[in-house]
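One structure is given below, encoded as structure tokens.
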Amino acid sequence: MKIYSMTATFGKLEHETLTLQPGLNVISAGNEWGKSTWCAFLSAMLYGLDTRAKSTKNALADKERFAPWSGVPMAGRIDLNWNGKDITIERSTKGRIPMGEFLAYETRSGLNVPELDAQNCGEKLLGVERSVFLRSGFIRLSDLNVTDDEALRRRLNNLVTTGDESSAADGLASQLRDLKNRVRHNRTGLLPQAEAERVRIEEDLQEIRRLEERNDGILRQMDELDDWRLALENHQSALAHKASLEDARKVKLAERAWNEAVERYEDLQVLCNALESRETAQEHLELLRSLADRQMELQKQLQELPQSREAEEEHVDSTIMSPEEVRAKAEADAARYHRLVHHVDYWGIMGLVLGLCGLVWLIRDLVPGLVCCFLGVGAVVRGLVLKMRQANEMLVLEEYYESDDVDLWLQQAEARAEELELERKKARQLTDTRLDLESQLQELKVQIREVTDHQGLELSRRDWEGVLSTWDARDEALRIMRKSEDHYQDLRDMARYAKAPEFHDRLTHSEAYTARLLEECMADRQRLENLQGQCRGNMEALGSKLELEEQLEKVKARIRQLEKTYAALTLAQDTLSQATAELQRRFAPRIAQRAGELMNRMTGGRYDRLSIGDDLSLRAGAQQEDTLRDALWRSDGTVDQLYLSLRLAVAEELLPGVPLVLDDALVRFDDKRAAAAMEILKDEAKDRQVILFTCHQRESQML
């Protein structure tokens, strides 16, 4: 198989194409160019992408790691030559499944290639499973060492033991393993099934015995319940007979009460026939109530009016001074106060004049001067006395009116006059109202005497209430009579009749408790019947006891035969394993010889001895060393060279004609050994396509 080109939308690659040539292809590019991405893309195109893998803290799943950075769906294409035909393989995203859509067709004609599908593409093209290719022809620095793998081991074993890759020995081992699994494998083998059937039959037999014992116990309990039920039913009969006697007594009492009620009703009916009718009594009572209410209302209104004596006193007080007199007095007092305020003291003036004249006369004549002076003093004293009287009079007026504002006196007098007029008006209205109420009350008393026939309201009311109570007693007696009759009829209809119990009753339970016990007894009886039915049903479902015992003997015989068969298969399997183990020891020298040749050539003859363990681990020895040492004792570069030699040797055996893919496999080689490795790869490229990805330029220069 040869690859022409690869076009990828995968990880950082977006619609990028890598063209390859037959033979050795050296692709030199720096870090983060996409070399590892192209390698992962090739693996995904051949074997698909594991979409079930999940990311962990230490590693990302391929479906997430190589998701296109641009966010477009993952897709790719490979053009190659297989079995002489040019073929194109395409994978694209299907729904949410990356690389889930697969297509393989002939490049020129476009015809589908039916041999290839999404699952077998890589195995058909390369001839090996994915794990074998990744451990032989797909060489990356990160996993250069060859780890143990069942598929790789099987192919190497078959190749060495039979000369081809057929799996006859594995087929025989698989058949023996399948036969052993068929005889004894968890729960699906014949022997586990037979043992399970034996256990089931034994459990069924044990269950049948248990059900038989349980059924016998249920029958005994049912007999006991039947005896208890008969006793309870007899006790119920005794209680029913006693209740029937009590019912008969109650019927007689009810009949007697009914007869007494009839007599009472008839007596009251005779009394009512001699009285006024109920309607007449009710009308008179309503009229008496209305008259009494009217009388009480008028009396209440009279009581709420002021007493007559107080009204007369108010009238007397108001007649002392009329409103006109109040106004006149205020006007007179105002005029008087005004005169007092503006009064001129003539006596004082005259006294001053006489005093001055007396003083003048004293100069001329003593006696007339003194007389004149005394007269002047007397006039002044007279003026002062009058002045004091006027001041007292003004003070009295101010105290009476409580102000010295004359206009306010007149306003107060006017307000007082209006109050007096209003009081007189109210007094007249009060007198008129009292007279009107007294007149209405007198007329009402006359009407009451006429209605009550001079008995008075209370006596007349009692008489009519007595009439009405007689009618009520008659109606109540009628109601009691009818109720007594209904009660008698109901008791007579409901009266129970029961025979005496069949045998002597020794129980003392009440009727309700007896009914509950009987109900519980019947429920227990029904429950036991259900349990008995279940037991019978379970026993019938389990089958006949005799048949189960016969089946058990047959199953035990089959188990003994299967144990013999399983022992024979185990012996055959052990014999085949020993033969296979002996044959497996032959493949290591063959691979080790070729890997040793390549290692010797790659290291310039330094390492000439090489051995391979059962787990494909390597041990190598240099010319100067006496013993072989594990790879862990070698330098990193030497370890890479050891495992590259092993991988090339394995690839020659298992992958003839299949392209080899190397990703930075020579990074830790020195220049000399890298040149030797390039010569080996040139030789490999003569028979197959070799693709070498490297981050250095020396490989290209060496090429």
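Could you give the length gained on full extension between K554 and A415, defined as 0.36 nm per residue of separation minus the Cα-Cα distance, in nm?
Stretched fully, the K554-A415 segment lengthens by 36.1 nm.
Sorting V661, V396 by accessible area (1.4 Å probe), largest first, what list results?
Values: V661 5, V396 90 Å².
Largest accessible area first, the list is V396, V661.
In square angstrom, what is the accessible area per residue of the chain with a 1.4 angstrom probe?
I get 61 Å² per residue for the chain.
Give, in nm to one decimal, the length gained when the segment between E324 and R52 is fully stretched (0.36 nm per residue of separation minus the Cα-Cα distance). Could you put the intermediate results ahead of the total?
Values: separation 272, 0.36 × 272 = 97.92 nm, distance 12.50 nm.
In short, 85.4 nm is gained.
Can you bin the chain into rounded, prolate or oblate? Criterion: square roots of the alpha carbon gyration tensor eigenvalues sorted a ≥ b ≥ c, rounded for a/c under 1.5, prolate for a/b above b/c, oblate for the rest.
Oblate is the answer for the chain, as a/c is 1.5 or above yet b/c matches or exceeds a/b.
What does the helix-only formula give at 222 nm for the chain: each DSSP H stretch with n ≥ 4 adding -39500 (n - 2.57), the total divided by the residues, and the result rounded to the nearest 500 deg cm²/dmol?
-23500 deg cm²/dmol
Quick one: what are the phi-derived ³J(HN,Hα) couplings along the stretch 515-524, Karplus 6.51/-1.76/1.60 with θ = phi - 60°, whole Hz, x for glycine and proline?
4, 5, 5, 5, 5, 5, 4, 5, 5, 5
Over the stretch 490-557, what percent of the accessible surface lies on carbon and sulfur atoms, probe 1.4 Å? Please report the intermediate quantities before stating the final value.
Numbers: 2560 of 5170 Å².
Its accessible area is 50 percent carbon and sulfur atoms.
How far apart, in nm, are two points set 7 Å out from the Cα along the Cα-to-Cβ line at A500 and at E279?
A separation of 6.3 nm, rounded to one decimal place.
Answer rounded, prolate or oblate for the stretch 1-108, using the Cα gyration tensor with square roots of eigenvalues a ≥ b ≥ c: rounded when a/c is under 1.5, else prolate when a/b is larger than b/c, else oblate.
Note, shape of the stretch 1-108 comes out oblate.
I87's amide H: which non-local residues (gap 5+, or another chain) put their own amide H closer than 5 Å, with H modeled 1.01 Å from N in plane and none for Pro or chain starts?
Here the answer is L80, N81, W82, T107, since their amide H atoms fall under 5 Å of that of I87.
Let me have the relative contact order for the stretch 312-444, percent, based on Cα pairs under 8 Å that are six or more residues apart.
Working: 95 pairs, mean separation 43.0, N = 133.
It rounds to 32 percent for the stretch 312-444.
Can you work out the FRET efficiency for the pair V72 and Q697, with r the C-beta to C-beta distance and R0 = 35 Å, to the nearest 0.05?
About 0.60, to the nearest 0.05.
Starting from the Cα of K300, draw a straight line to each of the lysines and keep only those under 17 Å, dropping any in the same chain fewer than 8 residues away.
Partners within reach: K445.
Tell me which residues come under 5 Å, amide H to amide H, from L660 once H is placed; ignore anything under 5 positions away on its chain.
Residues meeting the amide H criterion: Q689, V690, I691.
What FRET efficiency comes out for the pair N112/A59, r = Cβ-Cβ distance, R0 = 41 Å, nearest 0.05?
Rounded to the nearest 0.05, the efficiency is 0.65.
Kindly express, to the nearest 10 degrees and within the range 0 to 90, the angle between helix 671-685's C-alpha long axis and the longest C-alpha principal axis of the chain.
80 degrees
From the square roots a ≥ b ≥ c of the eigenvalues of the alpha-carbon gyration tensor of the stretch 643-702, which class results: rounded (a/c under 1.5), prolate (a/b over b/c), or oblate?
On the way: a/c = 1.88, a/b = 1.67, b/c = 1.13.
It is prolate, given that a/c is not under 1.5 and a/b is the larger ratio.
Can you work out the FRET efficiency for the pair R249 and R536, with r the C-beta to C-beta distance and R0 = 30 Å, to the nearest 0.05?
Here the calculated transfer efficiency is 0.05.
Return the lysines within reach of K35: Cα separation strictly under 20 angstrom, same-chain partners fewer than 8 residues apart disregarded; answer none if there are no such residues.
Excluding near neighbours in sequence, the set is K2, K12, K63.
Can you list the lysines whose alpha carbon is less than 27 Å from that of K250, not counting same-chain residues fewer than 8 positions off?
Within the straight-line cut-off, K250 pairs with K242, K483, K499.
Give me the extension gain from K387 to V199: residue separation times 0.36 nm, minus the current Cα-Cα distance, reported in nm with one decimal.
Stretched fully, the K387-V199 segment lengthens by 52.5 nm.
Of the accessible area of the stretch 334-400, with the probe set at 1.4 angstrom, what percent is carbon plus sulfur?
The value for the stretch 334-400 is 74 percent carbon and sulfur by accessible area.
Where the accessible area of the stretch 1-80 is counted over protein heavy atoms with a 1.4 Å probe, how much of it, in %, is carbon and sulfur?
Its accessible area is 47 percent carbon and sulfur atoms.
Treating the angle as unsigned and between 0 and 90°, give the value, to the nearest 10°, between the Cα long axis of helix 150-162 and the longest Cα principal axis of the chain.
Around 10 degrees separate the two axes.
The values are calculated or read from the model by the stated rules, or taken from the named source; none is laboratory data. Not measured: the values here are computed from a predicted model. Cβ coordinates were reconstructed from backbone atoms using ideal geometry, including for glycine residues, and neighbour counts include every protein chain displayed. Protein only, heavy atoms only, side chains kept; ligands, DNA and RNA dropped before computing areas. Shrake-Rupley method; radii C 1.70, N 1.55, O 1.52, S 1.80 Å.
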